[in-house]
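Below is one structure, written out as structure tokens; comments come after it.
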Amino acid sequence: IVFWSLKEQAGGFLAADNARRIKEASAALSAIPGVLSVEVSIEPLPTSTVPAQVILQSTHNTPEDLQAYAVHPIHLEFGKLIKECCENRQALDYNI
């Protein structure tokens, strides 16, 4: 799970527009080998205790698949948009 708070404005777009851009761009992440699922929300509930505008949850079969995902060119391209828009990032990796 990764969540981001966004800059008020970045790349000529407001934060809400960048959240939508990130959600749209995240669709490409499903094509990365070893990715079982990718879900993105730009609607955190008011009960959230973390200041985030975008939440991404991806699932992988193994920690090795997660590592391969992290360095895959599609993920790296997605990361360029995130770096442009992101104010803060938090991540939590875990095994079930």
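The values are calculated or read from the model by the stated rules, or taken from the named source; none is laboratory data. Quantities reported herein were computed from a predicted structural model and do not represent experimental measurements. Cβ coordinates were reconstructed from backbone atoms using ideal geometry, including for glycine residues, and neighbour counts include every protein chain displayed. All accessible areas refer to the heavy atoms of the entire protein, side chains included, with ligands and DNA or RNA removed. Shrake-Rupley method; radii C 1.70, N 1.55, O 1.52, S 1.80 Å.
One table, with the values for the structure above:
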| item | result |
| --- | --- |
| Highest-fluctuation residue, Leu36, Leu45, Leu66 considered, GNM on the chain with Cα pairs under 10 Å | Leu45 |
| Surface accessible to a 1.4 Å probe, per residue, for the residues of the chain, Å² | 66 |
| Given charges at beta-carbon only (K, R positive; D, E negative), |dipole| of region 22-87 in Debye | 60 |
